[in-house]
Amino acid sequence: MKIYIIGQKGIPAMGGGVETHVHNLSLKLAEKGHDVFVYTRHSYSDKRLKKYQNINLIPLPSIKTKNLDAISHTILACFDFIFKRKADVIHFHSIGPASLIWLIKIFRPRVKVVFTFHSQCYFNAKWGKFAKNYLSLGEKIGCKMADEVIVVSKNLKKYVEDKYKIKVKYIPNGVNEAKIIPANIIKSNWGLEKDSYILSVSRLVKNKGLEYLIEAYKNINTDKKLVIVGDGPYISKLIELSSGNKNIIFTGKQFGDTLAELYSNANLFVQPSEAEGLSISLLESISYKLPVLISDIEANLEVVGPDAFSFENKNTSDLIEKLKLFLSEENKEDIDKKREKIYNNIMEYYNWDDIASKNIELYK
């Protein structure tokens with residue numbers, strides 16, 4: 001099959017849930033013998049790059065502002081597809097880009113359209129009223145006009161089927177088996193060694209709950225540092241909340257070997273999100289056999305299951321108590337047993353090979 005993918009920033013992925021999803025899915029689709037074409041943004045991927053491994057890349061410009069980057073690129077990609085390309089399937093990712101599915105339906109009605117609903121990103125505090133309303137419209141257009149709708153979590157499946165009265169396909173995000181590597185880059189850059197820090201990886205926006213994690217960390221007695229990986233518009237507020245605490249380290253966005261080292265050598269991963277679709281950083285942390293402490297939102301509990309160590313969402317006091325339990329040596333045996341069960345479950349049910357096969361089945 002000839003498959004075009006639209007809505008992501010580009011390939012290779014340099015962080016970001018949607019980008020990581022499309023990167024891994026595209027590699028597996030190409031590996032299975034399909035012709036895969038991915039639209040990329042000049043502001044994210046090298047515009048000279050037309051091929052990545054077996055994936056065909058179509059670089060296009062965008063208006064690099066918070067509100068116009070995604071939509072301007074999607075408009076150009078849609079018209080490039082309409083006037084230049086032939087395909088069996090065009091696959092839209094995320095609710096913003098899905099707002100333009102109607103263009104394909106009008107100008108290329110024979111092409112089948114698949115839409116993956118990753119998250120209700122209108123809950124993100126960075127968006128103003130107009131953007132939130134537009135994203136909500138994109139969700140509606142995607143769910144009503146796509147030939148098939150994929151959701152990445154069971155929680156989203158229930159939401160879409162209840163609201164739009166349609167049947168959707170649940171195909172989650174995935175994870176690759178991780179290779180644990182020693183602390184070299186991170187020791188040189190930030191003085192981090194094996195088991196010397198608590199880790200959180202996310203986009204730095206308000207609904208990721210990082211302010212609760214920082215406040216909780218400041219109220220526990222530990223020699224372990226807190227390392228927060230990622231960037232975003234909320235970073236200045238989080239640095240302010242850290243009050244110059246030298247044991248709270250902001251690394252900025254990381255990927256490749258540096259990110260692998262950060263996962264490989266952490267003592268604990270904390271996911272304090274107020275809202276998620278299905279967190280790839282949570283899946284990745286588990287693939288490195290890290291113990292995880294999560295907020296008790298449905299999207300997090302769905303991943304970790306009955307063996308979850310969780311705290312009440314937005315409850316700093318509960319997070320303080322759970323961090324103390326995790327850092328106490330007397331709980332290590334129980335934590336290790338549950339960590340192993342969680343790891344085995346993730347590697348069985350969230351692997352990219354199966355996820356790609358389910359996408360292909362849907363395309364057919």
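Between the amide H of residue 274 and those of 208, 209, distances stay under 5 Å, these residues lying 5 or more places away or on another chain, with hydrogens modeled in the peptide plane. Roughly how far apart, in whole Å, are the Cα centres of the range 10-74 and the range 75-106? The distance from the Cα centre of the range 10-74 to that of the range 75-106 comes to 14 Å.
Put in line by how crowded their Cβ is, counting other Cβ atoms within 10 Å and starting with the fewest, 112, 341 read 341, 112. Hydrophobic, long helices, defined as DSSP H runs whose alpha-carbon span along the helix axis is 18 Å or greater and whose mean Kyte-Doolittle value is at least 0.0, occur in the chain at 69-84. Legend: residue pairs 86/253; 225/322; 158/322; 84/112, Cα-Cα distance threshold 26 Å; pairs beyond threshold, 86/253; 158/322.
Put simply, the amide H of residue 52, placed in the peptide plane, has neighbours under 5 Å in 57, leaving out anything fewer than 5 places away on its chain. Sequentially through the range 37-43, phi angles give Karplus couplings (6.51, -1.76, 1.60; θ = phi - 60°) of 10, 10, 6, 10, 9, 4, 6 Hz, Gly and Pro residues having no value and appearing as x.
Per 0.36 nm of contour for each residue apart, how much would the distance between residue 103 and residue 147 grow if the chain were fully extended, relative to their Cα-Cα spacing?
Numbers: separation 44, 0.36 × 44 = 15.84 nm, distance 1.39 nm.
Result for the pair: 14.5 nm of gain on full extension.
The value given for the range 2-171 is a Kirkwood hydrodynamic radius of 16.1 Å, derived from the mean inverse Cα-Cα separation. With the simple model of a label 7 Å out from the Cα in the direction of the Cβ, residue 86 to residue 189 spans 4.6 nm.
Mind ranking 160-173, 96-109 by how tightly packed they are, going by the mean number of other C-beta atoms within 10 angstrom, highest first? Don't skip to the end; give the middle numbers.
Working: 160-173: 15.4, 96-109: 18.6.
The packing order, highest mean first, is 96-109, 160-173.
Note on the chain: antiparallel DSSP beta bridges, both residues inside, total approximately 5 percent of the bridges counted. Distance between the 7 Å Cα→Cβ label points at residue 330 and residue 49: 5.1 nm.
Quick one: if the Förster radius is 25 Å, what FRET efficiency do residue 220 and residue 340 give, using the C-beta to C-beta distance and rounding to 0.05?
Working: r = 25 Å, r/R0 = 1.02.
With a Förster radius of 25 Å, E is 0.45.
Quick note: the coordinates plus some simple rules give every number you see, no bench work behind them. Owing to the predicted nature of the structure, the values given are computational and were not obtained by experimental measurement. Cβ coordinates were reconstructed from backbone atoms using ideal geometry, including for glycine residues, and neighbour counts include every protein chain displayed.
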